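Quick one: the structure is below, questions incoming.
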Amino acid sequence: MKVCACPPPPPTPRSSLVSTVSSVSLREPCISILSTVIAKLTCAILTLLSAEVGATLGVLIGAFAGLKTEKGFLHGAITGAANGVILSKKILEILLATWDSDDTVIACFFSLLDSVACVMSRRRHPQRFNPTKIDAEESE
């Protein structure tokens, strides 16, 4: 039995597209764009999950509260779901603002408490968290 050693295949030439993409000048913008897309997608998923949890908790709490009032179970559940979504959205906005900014955490925490108190007391126009307003007040 005779064994033949096959010669290795000839090296394939690199295509111009592969060499262009592998260059550093195009790799950095592609990574930057990919990073931005991933960050936006993560933010969207967090918003969706937060709203879903808020709506679920709002439905449960609103339904139990609706049983005790004249409006009824269904009205309480619908109102609770809407309030739960609004509250969870505000909480997520404040958390993302805290994550992205260099402002004091205490001011953000008080803003969160104000949002919760606003939803609980059903005020129509809550005071918005404004970091520039806080900075202006601190400088005076």
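Evaluate the range 115-122: report whether one residue or more is within 24 Å of the chain's Cα centre (by Cα) and at pLDDT 80 or above.
no
Separate question: Taking the criterion of being within 19 Å of the chain's Cα centre (by Cα), part of a loop (DSSP other than H, G, I, E, B), at pLDDT below 85 and of a type in the set (S, T, N, Q), would at least one residue in the range 64-72 satisfy it?
No; the residues of the range 64-72 include none that is within 19 Å of the chain's Cα centre (by Cα), part of a loop (DSSP other than H, G, I, E, B), at pLDDT below 85 and of a type in the set (S, T, N, Q).
If I filter the range 87-103 down to residues being surrounded by fewer than 14 Cβ atoms within 10 Å (Cβ to Cβ) and outside any helix (DSSP H, G or I), which single residue comes out as modelled with the lowest pLDDT?
Among them, the one singled out is Asp102.
Pick from the range 104-114 the residues that are surrounded by 14 or more Cβ atoms within 10 Å (Cβ to Cβ) and at pLDDT 75 or above: which of them is nearest to Leu46 (Cα to Cα)?
In this case the residue turns out to be Leu112.
The values are calculated or read from the model by the stated rules, or taken from the named source; none is laboratory data. All figures in this text were calculated on a predicted structure; none of them were measured in a lab. As a convention, Cβ positions derive from the backbone with ideal geometry for all residues, glycine included, and neighbour counts pool all protein chains shown.
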